[in-house]
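Chemist: Below is one structure. I have some questions about it.
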Amino acid sequence: MEKELRQEAGKLLDDGTVDCIIGFAPGSLKFTTTPLIIEDVGELNNLIVNRFINNNLAKYLLEVTGRVGIIAKGCDSRSIVSLIQDKQITRQDIVILGIPCSGLIDLKKVEKLLAKERDEINDIVVVADKVSITAAGEKREVALSSVLFEHCLGCELQIPKEYDLLIQGPAAEICNYEVSRKHIKELKKMSPDQRWAYWREQFGHCIRCYACRQVCPACFCERCFVEESQPRWVSPVSQWQDNLIFQAIRNIHVAGRCTDCGECERVCPVNIPLRSLSKEMYDLVEEMFNYKTGMDVNAPSLMTAYELEEVEGLIR
Amino acid sequence: MITKKINKKDIRKLLMTWNQEFSVIVPTRERGVAEMVRWDNNDISFLDWYRNTVIAPKACFLPQSEVMISFQKKETGYKIEVPRDEHKQIIFGIRPCDARAITIIDQVFADIYDDYYYASKRRNTLLLGLSCSNPYDSCFCTSSNVNPAESEDVDLMFTDIGDEYVIEELTSGGKALLNMSNMIKKVTKADVNRAKEMKAASVEKLKKRVDTKDIEGRLRSCFNDRDLWERVAAKCISCGICTFLCPTCFCFDINDEMIHKHGARYRGWDSCSFRSYTKMPMENPREEKWRRVRQRVCHKFEFYPINLGINACTGCGRCIRLCPVNWDITQVISSLPADISMHSS
């Protein structure tokens, strides 16, 4: 897949179709990757595809100027489409190089399984539906599904639907809707008091680094409500109450835009299970409006498209 | 230097002794991520898993948010109270990189200017270092003049030699702590040699390196190279992880909160990565992302050396390990061009 991808990306840069390519390069640490933004064909050899290409690159489309070629997994493509629907970017300015995806490996799950940290693991090799992991001289084989991200297990678009060029490759069946909602199910079993105590505890850890907001392609506001001071919606002082309100409002703001890419939860440095909020919102959006974000580039945006016949008098 | 030792199985008792007079702070991951918190007077399992914390120990002196004053509105004016935090504490297990970071922050909050809130906590704290035996692949302390197994920034330094810890006494405060316990033993020559071996092995384990030679000059000469900084900053997403988790970053914001007639003035972490940074007093002079990224690099490696004679990065690697996009400061430093002024002279 990499070879074909580099070739196609090279053609786009060579003939001037795009000014730059956004993709993934190997990271500086084991089992990591890093976003790659290149203008020079000489750097194409850094372009990679593997089981650790986490970042939702759609975020960079909000910043990078000119005609852009972007490598997109299914989830990224949904975010790209959503940004087009919200008129944050223009379809004509983007060349989507779609890649099929068979799920990404959640290093936190691997670490937990082995009771070892990322850098203590020597090797992670995927063979069909199994993963063999080597650490401290011992080799262990586990089911691939046990180490995939939960949002990958809930994936609804393993092969992008909106693309200019689709790189051929495998997209093995990985979906397990039940498992992808496992934590939400556990939370729903709790009484409201227990659940409140749970989130109170979780948001007590929040350090307000805003990484969840910054990685999220759906968070495209020029100015976030958290930074408003007149009126002030949320206190900038990090306290569980305000941290929770911040996340609750953020979730409402990205409803109909969140594609369940799981980045908010992955990047949280204090491990708050943020996807349990965003995925619940994602499912509610589908249930209430029969709407799936980023699936149709011509569909009106759920929250910002209005018609004269709207039921709500407020906006007429 | 005076060197002593203690059997590992006596560590709990030792901490219990200290915990009667001090608040003993130890690494824990009770809340999911490793941080330094008040010891529960029992659990020492951290000795098995602890490599370094996610939240840097600076949080013991510069908490994420703290009350500066509390106030109550009266019929005429306000009744104001300033909290006093004079309790004595011991931070046990601090790594040499983080201990150096405290020395670096001391320069700003306790030496140049006596910050009441920081200095009162700092003055009442003893730092007990623990040699690194299993550094992360993101650690590069040896490139920042920090030895993973030695420290002059602590009161006592512990080194694991198997069933025992060798303890070096670096200050009178540390010595007084050891005098509180009868479990402290004399070291043999073999113990000292074993400690030396362990320390050498730690240094060996640190593979990540970055050449910081001429770094101030290199940064000064490319300061105005906008293209370079735009490239360097391209993938940064402007979150606060690197600054908040950095053991030497200390920027803060101050906010007043008032509900009914009661309120408080809070001080909390702020980050130069944020676009809203310093918007409260005026405007952010670093509106574009590349300027903010440049600021972070230059503050650590150019402004600090010029103003305080030390670079403000201790190589703990948190900003690399926890960055959502793997923005790696060592790669950035390595990619900087040579100091032009040196070539022309």
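Where a number appears in this text, it was derived from the coordinates with a stated rule and is not lab data. All values derive from a computational prediction rather than experimental measurement. Cβ: placed from backbone, ideal geometry, glycine included. Neighbour counts: every protein chain shown.
Chemist: Any aspartates and glutamates with Cα under 17 Å of the B:K8 Cα? List them, leaving off those in the same chain fewer than 8 positions away.
Modeler: Within the straight-line cut-off, B:K8 pairs with B:D43, B:D48, B:D160, B:D163, B:E164, B:E168, B:D191.
Chemist: So, one more: Calculate the dipole size of the protein assembly as shown relative to its Cα centre from +1 charges on Lys and Arg beta carbons and -1 charges on Asp and Glu beta carbons; express the result in debye to the nearest 20. Before the final figure, lay out each step's value.
Modeler: Working: 90 positive and 93 negative charges, 358 e Å.
Here the protein assembly as shown has a charge dipole of around 1720 debye.
Chemist: Moving on. What list of ³J(HN,Hα) values in whole Hz, one per residue of region B:17-32 in order, does the Karplus curve 6.51 cos²θ - 1.76 cosθ + 1.60 (θ = phi - 60°) give from phi, with Gly and Pro shown as x?
Modeler: With the stated coefficients, region B:17-32 comes to 4, 5, 5, 6, 9, 10, 8, 8, 10, 9, x, 8, 10, 3, 9, x Hz.
Chemist: From the helices alone, meaning DSSP H stretches of at least four residues, give me the mean residue ellipticity at 222 nm for chain B, per-run term -39500 (n - 2.57), in deg cm²/dmol to the nearest 500. Numbers along the way, then the final one.
Modeler: Values: 14 runs with 110 residues, N = 345.
Taking each H run of at least 4 residues, the total per residue is -8500 deg cm²/dmol.
Chemist: Turning to a different aspect of this structure: Strictly over 22 Å apart at the Cα level, which of A:K130/B:K208; B:K73/B:K279; A:K87/A:K161 would you flag in this model? Kindly include the intermediate steps, with their values, before the conclusion.
Modeler: Working: A:K130/B:K208 32 Å; B:K73/B:K279 28 Å; A:K87/A:K161 19 Å.
Violating the 22 Å Cα-Cα cut-off are A:K130/B:K208; B:K73/B:K279.
Chemist: If you don't mind, there's one more thing I want to ask. Considering only A:Y210, A:Y291, A:Y306, give the residue with the highest GNM mean-square fluctuation for chain A, with springs between Cα atoms whenever their separation is below 10 Å.
Modeler: Looking only at A:Y210, A:Y291, A:Y306, the largest GNM fluctuation is found for A:Y306.
Chemist: With θ taken as phi - 60° and the coefficients 6.51, -1.76 and 1.60, list the Karplus ³J(HN,Hα) couplings across region B:184-199 in order, rounded to whole Hz; mark glycine and proline as x.
Modeler: Working through the residues one at a time gives 7, 10, 6, 9, 9, 4, 4, 4, 5, 5, 4, 4, 4, 4, 4, 5 Hz.
Chemist: Shifting gears a bit: Only Cα pairs within less than 10 Å get springs; with that Gaussian network setup on chain A, which residue of A:S82, A:S28, A:S276 has the largest fluctuation?
Modeler: Comparing A:S82, A:S28, A:S276 in a Gaussian network model of chain A, the most mobile one is A:S28.
Chemist: Continuing with the same structure: Spelling out what I want: for every residue of region A:295-300, take phi, set θ = phi - 60°, compute 6.51 cos²θ - 1.76 cosθ + 1.60 (Karplus), and round to whole Hz; glycine and proline get x.
Modeler: Listing the rounded values in order: 9, 9, 5, 8, 6, x Hz.
Chemist: Taking springs between alpha-carbon atoms closer than 10 angstrom, which of A:P160, A:P192, A:P170 fluctuates most in the Gaussian network model of chain A?
Modeler: A:P192
Chemist: Quick one: length gained pulling B:R38 to B:F252 fully straight, 0.36 nm per residue minus the C-alpha distance? It would help to have the intermediate numbers written out before the result.
Modeler: Values: separation 214, 0.36 × 214 = 77.04 nm, distance 2.37 nm.
The span from B:R38 to B:F252 would gain 74.7 nm if fully extended.
Chemist: Test of understanding: ordering A:K182, B:K4 by Cβ neighbours within 10 Å, fewest first, what list do you get?
Modeler: Arranged by neighbour count, lowest to highest, A:K182, B:K4 become A:K182, B:K4.
Chemist: Give the percent of DSSP beta bridges with both residues in the protein assembly as shown that are antiparallel, rounded to the nearest 5.
Modeler: Details: 54 of 75 bridges.
Among the beta bridges of the protein assembly as shown, antiparallel pairing accounts for roughly 70 percent.
Chemist: Could you give the semi-axes, largest first, of the ellipsoid that matches the protein assembly as shown, computed as the square roots of 5 times the alpha carbon gyration tensor eigenvalues and rounded to whole Å?
Modeler: 42, 30, 27
Chemist: Now for a separate question. Shielding by partners for B:25-31, please: the mean number of other protein chain Cβ atoms within 10 Å of each residue's Cβ. Intermediate values should be presented prior to the final figure.
Modeler: On the way: counts 0, 0, 0, 0, 1, 0, 6.
Across the residues of B:25-31, the mean count of other-chain Cβ atoms within 10 Å is 1.
Chemist: Within a 10 angstrom radius of the beta carbon, how do A:H151, B:H262, A:H253, A:H183 rank from fewest other beta carbons to most?
Modeler: Values: A:H151 24, B:H262 12, A:H253 19, A:H183 16.
Going from least to most buried by this count: B:H262, A:H183, A:H253, A:H151.
Chemist: Further question: Tell me what chain A gives for mean residue ellipticity at 222 nm when only DSSP H runs of n ≥ 4 count, each as -39,500 (n - 2.57), the sum divided by the residue total, rounded to 500 deg cm²/dmol. Please report the intermediate quantities before stating the final value.
Modeler: Values: 11 runs with 102 residues, N = 316.
Value at 222 nm, helices only, nearest 500: -9000 deg cm²/dmol.
Chemist: Give me the Debye-computed log₁₀ of I(q)/I(0) at q = 0.25 Å⁻¹ for region A:107-147, equal point scatterers on Cα only, no solvent, two decimals.
Modeler: So the normalised log intensities work out to -0.79.
Chemist: Using only C-alpha positions, report the orientation-averaged shadow area of the convex hull of chain A, nm², one decimal.
Modeler: Details: hull surface 73.7 nm².
Taking the Cα atoms of chain A, their convex hull projects to 18.4 nm² on average.
Chemist: I'd like the per residue volume of the convex hull spanned by the Cα atoms of chain B, given in cubic angstrom.
Modeler: On the way: hull volume 57.9 nm³, N = 345.
Residue-normalised Cα hull volume stands at 168 Å³.
Chemist: Contour minus end-to-end for B:N224 and B:R209, with contour as 0.36 nm per residue of separation and end-to-end as the Cα-Cα distance? Don't jump to the answer; show the numbers that get you there.
Modeler: Values: separation 15, 0.36 × 15 = 5.40 nm, distance 2.65 nm.
Full extension from B:N224 to B:R209 adds 2.7 nm.
Chemist: Taking every DSSP beta bridge that has both residues in region B:1-152, what percent is antiparallel when rounded to the nearest 5?
Modeler: If we restrict to bridges inside region B:1-152, about 50 percent are antiparallel.
Chemist: Using only alpha carbon positions, build the gyration tensor of region B:195-345, then give the equivalent ellipsoid semi-axes as the square roots of 5 times its eigenvalues, largest first, whole angstrom.
Modeler: Values: eigenvalues 190, 103, 43 Å².
Ellipsoid half-lengths, sorted descending, are 31, 23, 15 Å.
Chemist: Return the average number of partner chain Cβ atoms within 10 angstrom of each residue Cβ along peptide A:269-277. Don't skip to the answer; put the middle values down first.
Modeler: Details: counts 14, 8, 5, 2, 1, 0, 0, 0, 0.
Per-residue shielding by partner chains comes out at 3.
Chemist: Arrange the peptides B:301-310, B:121-130 so that the one whose residues have, on average, the most other Cβ atoms within 10 Å appears first.
Modeler: On the way: B:301-310: 15.4, B:121-130: 21.2.
Taking the mean over residues of other Cβ atoms within 10 Å, the ranking is B:121-130, B:301-310.
Chemist: Another one. What residues qualify as long-range amide H neighbours of B:I69, i.e. H under 5 Å apart, gap of 5 or more or another chain, H built at 1.01 Å from N?
Modeler: Excluding prolines and chain starts, which carry no amide H, the hits are B:R265.
Chemist: Counting partner chain Cβ atoms within 10 Å of every residue's Cβ in A:118-129, what's the average?
Modeler: Values: counts 4, 8, 4, 0, 0, 0, 0, 0, 0, 0, 0, 0.
Average per residue, whole number: 1.
Chemist: Multiplying the sequence separation of A:V127 and A:E201 by 0.36 nm and subtracting their Cα-Cα distance, what value in nm do you get?
Modeler: Working: separation 74, 0.36 × 74 = 26.64 nm, distance 3.93 nm.
Taking 0.36 nm per residue and subtracting the Cα distance, the gain is 22.7 nm.
Chemist: If amide hydrogens are placed 1.01 Å from N in the peptide plane, which non-local residues have theirs closer than 5 Å to the one on B:V54?
Modeler: Here the answer is B:A34, B:E35, since their amide H atoms fall under 5 Å of that of B:V54.
Chemist: Residues of region B:85-120 with the amide nitrogen closer than 20 Å to a label point 7 Å from the Cα of B:M180, along Cα-to-Cβ, please.
Modeler: Residues B:85-95, B:120 fall inside that zone.
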